[in-house]
Amino acid sequence: MKPYGLLLAAAACTTLREVPQAQFIPQHNPAFVWVTTTDRALVRVTEPRIDGDTLRGTWPGGQGPIAIPLNRIQSVRAKMPARARTVLAVTSLGLVGGYVVWLLEQPSANAPPAGDCSFKTSTNPLSAARPIALVPTSFCWRGSAPCASR
């Protein structure tokens, strides 16, 4: 996995949380917020800013300006980092990656020992009419015919 893949995975761990509009919007300058009005309408406001007693911004896609008086806002939600989920995701990726590396480091039960270049005569009954062949034992793994009696 590329390092930027891990960064993208960590950045993806966000959640929508209710925020205090008067303090959060000027301090964090979010790209967008979700506003629930007192008449229960849910509105996405892009490029939000507080202007006096009004929340101003644009409709998604730049379709025009929007202004909502603060006294008509029931709640404001914005994307916030989900720290617990990020820690869980990074820890899980680390454990899975470590396990994969550990598996790759383990010797295979069917593989010949490293550096085994000795020869063994073939006892394959199908080759009885032919001369006996010398086969390197490094080719003898996973029950191949020349090494079935091994």
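The values are calculated or read from the model by the stated rules, or taken from the named source; none is laboratory data. Predicted, not measured: the structure shown is a model, and the values here were computed from it. Counting neighbours? That spans all protein chains shown, and the Cβs are built from the backbone with ideal geometry, glycine included.
Restricting the search to the range 1-46, which residues are surrounded by 15 or more Cβ atoms within 10 Å (Cβ to Cβ), modelled with pLDDT of 85 or more and part of a helix (DSSP H, G or I)?
Result: Phe24, Ile25.
Residues are listed down the side, and each one gets a yes or a no for (1) basic (Lys, Arg); (2) surrounded by 16 or more Cβ atoms within 10 Å (Cβ to Cβ); (3) in a strand (DSSP E or B):
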{"position": "Pro48", "(1), (2), (3)": "no, yes, yes"}
{"position": "Gly57", "(1), (2), (3)": "no, yes, yes"}
{"position": "Pro60", "(1), (2), (3)": "no, no, no"}
{"position": "Gln63", "(1), (2), (3)": "no, no, no"}
{"position": "Ala67", "(1), (2), (3)": "no, no, yes"}
{"position": "Val76", "(1), (2), (3)": "no, yes, yes"}
{"position": "Met80", "(1), (2), (3)": "no, no, yes"}
{"position": "Thr86", "(1), (2), (3)": "no, yes, no"}
{"position": "Ala89", "(1), (2), (3)": "no, yes, no"}
